[in-house]
Amino acid sequence: MNARLPDITVVVTGVANLASVLAAWRRLGVTPHVTEDPDEVRRADRVELPGVGSFGAAMERLRETGLDAALSERVDAGRPTLAICVGLQVLCDASEESPGVTGLGRVPGTVARFPDRVRVPQFGWNRVEAPAGGPLESGYAYFANSYRLPVAPAGWTAAITDHGGPFASALWRGDVLACQFHPELSGAWGLGMLSCWIRGEVAPGGDR
Amino acid sequence: MITARIIPCLDVRDGRIVKGIRFQGLQDAGDPAERAAAYEAQGADELVILDVSATTEGRRTAAETVRRVRDVLSIPLTVGGGVRSVDDARRLLDAGADKVAVNTAAVRDPSVITAIAERFGRQCAILALDAAAREGGGWEVVVSSGRERTGLDAIAWAREAVARGAGEIVLTSWDRDGTRLGYDLDLLAAASSAVPVPIVASGGADSAEHLLQGLRAGADAVLAASIFHYGETTVGEVKAYLADHGIEVRR
């Protein structure tokens, strides 16, 4: 009936809880493949880097395994790569969460903590305002984070969300998509985004 | 702006939903996976599964229940009940929970919160705090499903748990749980202003109006079981009511 969707290669970094990520792909009819091997990450058609603990722990693990270079190459080449939560953050230069730790530096900017006047962590559903023509449409997404990229970085298209001021809730360039929210936990809207991205399609557009 | 969350709670024992009054007198109310999918379709923002099994065998069933629910669920899932260690937390996270709630074990040994937060991140480390009003004011922590009063001040314990790594608090009024009299609003207000992390109101809600009161008192999310289980109202109807009263919800 349907053409088989491309498989997804999910990067394990040792500390991530993958059950929700893998279950979401299976619901979409996509077979997830899990790896920690940088060469597999280089060869794979589509790669996901799920949210993983703290910025410092995630970077340490990426460096130990050699995944840092493999992921950077994919991002620079604009090859299909999906980074979630801390996955978005490690693409940046640095984070206030782990002073002195260098990120992958693919996205210019430093990740900073939310201001004290709002609830931290940001736990729950918040509005994502996305410009048309990208892999996601505007809607509500589920967030679980204490840190975020407070500005839209140069060279990337950004979706914006407000929690104590605007921050970049998603970034894309070529087939690289990075989300601060968790699409695998964002109900039908999140599954819609995953489905769009894995097919390399543009979101239908218009607000939900 | 972050929206107010509506969180149905499934009390599960031996793979079936039960709902009791003051944690006792349990009645059967259905299959967890079926109910979970129905709640997501109604617009639930998250789901909590509280395992009320009393035995090791029951706990193994709980992990299997979590797996079955995860297969059909695309919203966050918190699981609590009998979590005593990082290993217990890992088993539930591997099965498909996104967050684990610790209650009695954290009171006995607060380092379990730190251990879970350090291992899995503080977004996974939820404190389930059961509080009972004290004569002369304030609240004390109760544990072991309400059987034991600890003498520990509930607000001070909330602060300590957050300092130790708890990312969210599910705050249950033991006086109100199962009574359908509404949340303990003073307790919610006190906890909400004492800690920076989100507070999930629990215990006593019987109507959309009760949920509205809880959110206005300072809760970031409201948890309810019986008002949804017996088909008296849907999550969608509750959200429409809250939106009409100026609360921002996801619809």
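The table that follows gives values for the structure above.
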read-out: Cα centre as origin, Lys/Arg/Asp/Glu Cβ charges: the protein assembly as shown dipole, Debye; value: 240
read-out: About the Cα centre, charge dipole magnitude for chain B (Lys/Arg +1, Asp/Glu -1 at Cβ), debye; value: 420
read-out: Stokes-Einstein translational diffusion, chain B - Kirkwood Rh over all Cα pairs, 0.692 mPa s, 37 °C, in µm²/s; value: 185
read-out: Share of carbon and sulfur in the accessible heavy-atom surface of segment B:5-244 [1.4 Å probe, %]; value: 47
read-out: Taking the convex hull of Cα positions in the protein assembly as shown, its mean projected area over all directions (nm²); value: 20.7
read-out: Selection from B:Ile247, B:Ala225, B:Ile113 lying farthest towards where the dipole of segment B:108-251 points positive, charges on Cβ; value: B:Ile113
read-out: Built amide H within the under 5 Å cut-off of B:Val170, gap 5+; value: B:Leu127, B:Ala128, B:Leu129, B:Val200
read-out: Per residue, in Å², the accessible surface of segment A:1-135 once ligands and nucleic acids are set aside, probe 1.4 Å; value: 39
read-out: Amide H contacts under 5 Å for B:Trp139, placed H, 5+ residues apart; value: B:Arg134, B:Ala154, B:Ile155
read-out: Span from the segment B:217-238 Cα centroid across to the segment A:156-208 one, whole angstrom; value: 29
read-out: DSSP beta bridge pairing in the protein assembly as shown, given as percent antiparallel to the nearest 5; value: 40
read-out: Amide H contacts under 5 Å for A:Glu48, placed H, 5+ residues apart; value: A:Thr9, A:Val10, A:Val11, A:Leu82
read-out: Accessible area buried, both sides summed, chains B and A with 1.4 Å probe, Å²; value: 2400
read-out: Virtual spin-label span in nm between A:Ala77 and B:Ser207, 7 Å along Cα→Cβ; value: 6.3
read-out: Selected from B:Ile126, B:Ser202, A:Ala70, residue furthest toward positive end of dipole (the protein assembly as shown; charges at beta carbon); value: A:Ala70
read-out: Segment A:122-208: C-alpha gyration tensor shape, a/c 1.5 cut-off, then a/b vs b/c; value: oblate
read-out: Chain A, dipole about Cα centre (Lys/Arg Cβ +1, Asp/Glu Cβ -1), debye to the nearest 20; value: 400
read-out: Residues along segment A:41-75 losing 20 Å² or more of accessible surface when the other protein chains are present rather than the chain by itself (probe 1.4 Å); value: A:Gly53
read-out: Using θ = phi - 60° and Karplus 6.51 cos²θ - 1.76 cosθ + 1.60, couplings along segment B:143-156 (whole Hz; Gly, Pro as x); value: 10, 6, 6, x, 6, 10, 8, 9, x, 6, 5, 5, 6, 4
read-out: Cα-projected label distance for A:Glu129 with A:Glu96, points at 7 Å along beta-carbon direction, nm; value: 2.2
read-out: Accessible area of segment A:62-167 belonging to carbon and sulfur atoms, whole % at 1.4 Å probe; value: 52
read-out: Low-density loop cleavage sites - trypsin sites (Lys or Arg not before Pro) in segment A:69-148, where at most 16 other Cβ are within 10 Å (DSSP); value: A:Arg117
read-out: Mean accessible surface per residue for chain B, computed with a 1.4 Å probe while every protein chain stays in place, in Å²; value: 37
read-out: List of segment A:92-129 residues, accessible area with partners at least 10 Å² below that of the chain alone (1.4 Å probe); value: A:Arg119, A:Val120, A:Pro121, A:Phe123, A:Gly124, A:Trp125, A:Asn126
read-out: Positions from segment B:72-98 whose accessible area shrinks by 20 Å² or more when the full protein complex is built, not the chain alone, probe 1.4 Å; value: B:Ser74, B:Pro76, B:Leu93, B:Asp98
read-out: Rounded to whole Hz, the Karplus (6.51, -1.76, 1.60) HN-Hα couplings of segment A:57-63, x for glycine and proline; value: 5, 5, 5, 4, 5, 5, 5
read-out: Positive-end residue of A:Thr31, A:Gly134, A:Trp172, charge dipole of segment A:8-198 with Cβ unit charges; value: A:Gly134
read-out: Counting DSSP beta bridges with both ends in segment A:74-208, the antiparallel % (nearest 5); value: 75
read-out: Separation in nanometres of the label points that stand 7 Å from Cα toward Cβ, at B:Thr55 and B:Arg16; value: 1.5
read-out: Relative contact order %, chain A, counting alpha carbon pairs below 8 Å whose residues are six or more apart; value: 18
read-out: Loop chymotrypsin sites (Phe, Trp or Tyr not before Pro), segment B:148-228 (other Cβ atoms within 10 Å of the site Cβ: 12 or fewer; DSSP); value: none
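The values are calculated or read from the model by the stated rules, or taken from the named source; none is laboratory data. For clarity, every value in this text was computed on a predicted model and none was experimentally measured. Note: ideal-geometry Cβ built from the backbone for every residue, glycine included; neighbour counts use all protein chains shown. Only protein heavy atoms, including side chains, enter the accessible area calculation; ligands, DNA and RNA are left aside. Shrake-Rupley method; radii C 1.70, N 1.55, O 1.52, S 1.80 Å.
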